[in-house]
Amino acid sequence: MASSDPVSIEFMGKTYQVSNDTTLLGALLETGWDCVRGLGCLGGCCGACATLYRLPGEAHVRTGLACRIPVQDGISFSLVGGFPCPKPLYDLSRIEDPRQALFDLFPEVTGCRKCGSCVQACPQGIDVMRGMWCAVFGDFAAVADLFQSCVQCGLCARVCGAALRPFLVAVYARRTQGALLTDRPSALLARVGQIEAGVYEGEWGSVLRGLRADSNQRMADSR
Amino acid sequence: MSYPPELKALIRLVEKTRPQRVARARRGESYPALTLGAREERLKQFHPDYRPDAKRALAVGPNRGDLVPVELADLLESHSRMDPDEVRLDRIDLETDVLIIGGGGAGTAAALEAAQAGATAIVATKLRHGDANTVMAEGGIQAATAETDSPCYHYIDAMGGGHFANHPDLVEALVKDAPDAIEWLERLGVLFDKYPDGRLRVRHGGGTSRKRLHSSGDMTGAEIMRVLRDEARNQPGICVLEFTPALELLLDERGRCAGAVLLNLETRELYVARAKAVILSTGGLGRLHIQGFPCTNHYGATADGLVMAYRAGIKTCFLDSTQFHPTGAVFPEQNAGLLITEKVRGLGAQLLNRDGEEFLFALEPRDVASACIIRECTERANGIATPAGRSGVWLDSPMIDLLHGVGTVKRELGAKYLQFQRFGIDIGQEPMLIYPTLHYQNGGLMIGVNSETSMPGLFAAGEVSGGVHGRNRLMGNSLLDVVVFGRRAGRAAACLAREADTPTTLSLEHVRRFEQELAQAGRPDGRCGPMLLPNYAPDHIRARRVVLREA
């Protein structure tokens, strides 16, 4: 195939000819499709472009991020766009035992059938299933570590046959691990206190007023 | 996929020079940095900002006569997307204390502070909540938390980076609030990298005299956005309207900002949203593709807030200064424009030309580095061509594992590692191809220390505002900007809302006045704004499009 030959792709059941060196999302923009949903950072970190796709000759449905999947001749895909996944509401300041509160907020989390669909589905290669079991057993530090690179695409919840919401469990576990299960670094608190108490005003006065006068002059000159 | 044969052949040249370069690096020797004079030379000759045809003087508005990029001038001198006479301003569709336009880091931080202060808030955002430039910030957030650091050093660094043009009061607020911003984020559950003893881990960034970059892996912005968005959704007082951008600001009979006309992108309805205070947090302008450069920005970075506020008479500053990030990926084509964090160079990766040789000190400030790379590929013709026709130079990431131990690249640059692994490239083994990419809007709407604009009732925070970073932003000060000034905007807006009366007569008179100004200036060419979403449809598709009449 010459480097400039277009490829044939299928989006929502319709066939289009697109450049062979683009991604599924780039292809969508090329077709002139009215793009509102399903586009975000275009760089693989916001999760907006969660997509379902099939490769030519294969039977199973794959998942991924459309902005990261290169086109190939015969690929067929649709954008997930959004799906019902209610987020439980919580007030961090009212949670006494985050490990116990997990079961009030996400009662379905113990229902994991260990099918591994979530692990297959995650575009970031996260062991989602292991993360859920770590959460159930209260090892929030492990959950935090496993889900560091989660982009909140929600594909794990989309494919879960037991209706778990792993990407939301992950945020909850990470936040409570940081906010409630870890002490604030004392040096940080000390520095905040120093600034509030005006410890730096002397240094500020002597060094920076000179700098400020210089820069005020530059500002005045530039206007 | 991976590198094609012609690029693999050039990589062998890089591999040939690598042992000596690593040896020199281990000895602490580096390519000599440019003198201040030489920096100026390079910038004048090669930085995109300095090209004579890149800018034009604005013909209308509060900054008439100022030079801005032509792509931005087209939008600042544009007509409204709607006819003011067709909007029923006596029918209020949405009512709130604080209307926040733009749901990225700054807008969400503002919403949280407004809610904390007891105000109701509506966040009207163009895409999904959190789909913003914030989510892509990688390297970290600056704050003077280390014992050997102080807000004074942070101040000096920020001023130096900004070419001493920064507005001093804003920088003072930025650096003094910084440690508190880190503490606030920690209390919300953001997981910053820490040493085993619990101390916050801090690193150097470009232009920092002390280590003060706090990070969460290589996804600091994504982590912060994840947490802020989750907390906003927990708040009953915050209503988030997704896929609902603003088309125009609304003023009241006293000339105060009183809300906005919102558009539901999916149902094409207009909503009249009335508020006692409005915060613009609409982000940057990457999708204008200044001078045809690819960008690192998200799909919606189209300068909407600048356009609406300019029409309302808000002055801007430093819009003639655009930040190009020196290292945007240019291969594979699917990754074109993707940000390759400065951290890669911080870890020791060198920039190499076609011959596998260094041609600049890797940690020059961003604008200087960009100019040098452009020079290497143009005047010196030492760049590497990609199959798609782009030019680039090598960023020799395999040096990192050689300098710091096998596995460093995968561990410290996990997200990038994955982005290239998807295309069959192991960046621990093979260098990346990069070229400067459009990255950040250094200037913007002028604000005071409480994020207030010159118009009562209107605030601005984050990338849409100007003055904090002067003419050039330092790495890690943008995430800080959105948190510090987003919070200040939220608090100030809530305070105003407590004291202010509900606006009575809403008006779009400022839009009509701007139209008259356009006509008088002889700029009737029909371009409309804000852009809302960029249009990448090829010409042959556009040629077949029509606007249907109503059935």
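The values are calculated or read from the model by the stated rules, or taken from the named source; none is laboratory data. In this text, all values refer to a predicted model and were calculated from it rather than measured experimentally. Heads up, the Cβs are rebuilt from the backbone with ideal geometry, glycines too, and the neighbour counts pull from every protein chain shown.
Inclusion of A:Ala162 among residues that are surrounded by 15 or more Cβ atoms within 10 Å (Cβ to Cβ), of a type in the set (A, V, I, L, M) and within 9 Å of another protein chain (Cβ to nearest Cβ) is not warranted.
In the stretch A:49-67 there is at least one residue that is over 22 Å from A:Val171 (Cα atoms) and at the interface with chain B (Cβ under 10 Å from one of its Cβ atoms). Considered as a group, the residues in the stretch A:68-83 that are in contact with a Ser or Thr (Cβ under 8 Å, 6 or more places away or on another chain) and assigned to a strand (DSSP E or B) include one that is nearest to A:Gln152 (Cα to Cα), and that residue is A:Leu79. Regarding the stretch A:89-96, can at least one residue be identified that is part of a loop (DSSP other than H, G, I, E, B), over 22 Å from the mean Cα position of the chain (by Cα) and among the hydrophobic types (A, V, I, L, M, F, W, C)? Yes, that holds for at least one residue.
Here A:Gln152 meets the list (1) touching a residue at least 60 places away in the same chain (Cβ under 8 Å); (2) more than 7 Å from chain B (Cβ to nearest Cβ) almost entirely, failing just condition (2). Looking at the stretch B:131-155 only, could you name the residues that are more than 18 Å from A:Gly198 (Cβ to Cβ), at the interface with chain A (Cβ under 7 Å from one of its Cβ atoms) and not in a loop (DSSP other than H, G, I, E, B)? Matches in the stretch B:131-155: B:Val135, B:Met136. Can you confirm whether the stretch A:165-178 contains a residue that is part of a loop (DSSP other than H, G, I, E, B), out of contact with any Leu (no Cβ under 6 Å at 6 or more places or on another chain) and modelled with pLDDT of 95 or more? Scanning the stretch A:165-178, I find at least one residue that is part of a loop (DSSP other than H, G, I, E, B), out of contact with any Leu (no Cβ under 6 Å at 6 or more places or on another chain) and modelled with pLDDT of 95 or more, so the answer is yes.
Within the stretch A:129-144, residues that are assigned to a loop (DSSP other than H, G, I, E, B) have Cβ atoms under 7 Å from residues that are at pLDDT 95 or above in these pairs: A:Gly138/A:Arg99, counting only partners at least 6 apart in sequence or on another chain. Would you tally the residues in the stretch B:393-425 being within 27 Å of the chain's Cα centre (by Cα) and in a loop (DSSP other than H, G, I, E, B)? Count: 5. Using the structure shown, decide if A:Leu28 is within 11 Å of another protein chain (Cβ to nearest Cβ), crowded, with 21+ Cβ neighbours inside 10 Å and under 30 Å from B:Val330 (Cα atoms). So A:Leu28 fits the description; yes. Screening B:Leu352, B:Leu360, B:Leu347, B:Leu403 for residues that are touching a Cys at 6+ places or on another chain (Cβ under 7 Å), within 25 Å of B:Gly28 (Cα to Cα) and in contact (Cβ under 8 Å) with a residue 60 or more places away in the chain leaves exactly one candidate, B:Leu360. Does B:Arg544 count as among the basic types (Lys, Arg), over 20 Å from the mean Cα position of the chain (by Cα) and either within 14 Å of another protein chain (Cβ to nearest Cβ) or surrounded by fewer than 22 Cβ atoms within 10 Å (Cβ to Cβ) (or both)? Answer is yes for this residue.
Filtering B:Leu418, B:Leu438 for residues that are within 14 Å of chain A (Cβ to nearest Cβ) and under 26 Å from B:Asp481 (Cα atoms) leaves a single hit, B:Leu438. Is the stretch B:12-23 home to any residue that is among the charged types (D, E, K, R), part of a helix (DSSP H, G or I) and either crowded, with 17+ Cβ neighbours inside 10 Å or in contact with a Lys or Arg (Cβ under 7 Å, 6 or more places away or on another chain) (or both)? Scanning the stretch B:12-23 turns up at least one residue that is among the charged types (D, E, K, R), part of a helix (DSSP H, G or I) and either crowded, with 17+ Cβ neighbours inside 10 Å or in contact with a Lys or Arg (Cβ under 7 Å, 6 or more places away or on another chain) (or both).
Set side by side, the residues B:Ser397, B:Ser391, B:Ser370 differ, and just one is of a type in the set (S, T, N, Q) and surrounded by fewer than 21 Cβ atoms within 10 Å (Cβ to Cβ), which is B:Ser391.
Yes/no matrix, rows are residues, columns are (1) buried (at least 18 other Cβ atoms within 10 Å of the Cβ); (2) out of contact with any helix residue (DSSP H, G or I) (no Cβ under 8 Å at 6 or more places or on another chain); (3) in the same structural domain as B:Leu418 (by TED's automatic domain parsing); (4) not in a strand (DSSP E or B):
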{"site": "B:Glu172", "(1), (2), (3), (4)": "yes, no, no, yes"}
{"site": "B:Ala181", "(1), (2), (3), (4)": "yes, no, no, yes"}
{"site": "B:Gly206", "(1), (2), (3), (4)": "yes, no, no, yes"}
{"site": "B:Ser216", "(1), (2), (3), (4)": "yes, no, no, yes"}
{"site": "B:Met225", "(1), (2), (3), (4)": "yes, no, no, yes"}
{"site": "B:Leu249", "(1), (2), (3), (4)": "yes, no, no, no"}
{"site": "B:Arg254", "(1), (2), (3), (4)": "no, yes, no, yes"}
{"site": "B:Ala258", "(1), (2), (3), (4)": "yes, yes, no, no"}
{"site": "B:Arg274", "(1), (2), (3), (4)": "yes, yes, no, no"}
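Of the residues making up the stretch B:333-369, those that are of a type outside the set (D, E, K, R) and not in a loop (DSSP other than H, G, I, E, B) are B:Gln334, B:Asn335, B:Leu339, B:Val344, B:Gly346, B:Leu351, B:Leu352, B:Val368, B:Ala369.
Total residues in the stretch B:290-322 satisfying the condition of being crowded, with 23+ Cβ neighbours inside 10 Å, among the polar types (S, T, N, Q) and outside any loop (DSSP other than H, G, I, E, B): the figure is 2. B:Arg542 meets the conditions (1) within 20 Å of B:Ala301 (Cβ to Cβ); (2) among the charged types (D, E, K, R); (3) without any contact (Cβ under 8 Å) to a residue 40 or more places away in the chain in every case but one. The failed one is (1). If the condition is being of a type in the set (Asp, Glu) and either assigned to a loop (DSSP other than H, G, I, E, B) or touching a His at 6+ places or on another chain (Cβ under 6 Å) (or both), then the stretch B:76-94 contributes B:Glu77, B:Asp83, B:Asp90, B:Asp93.
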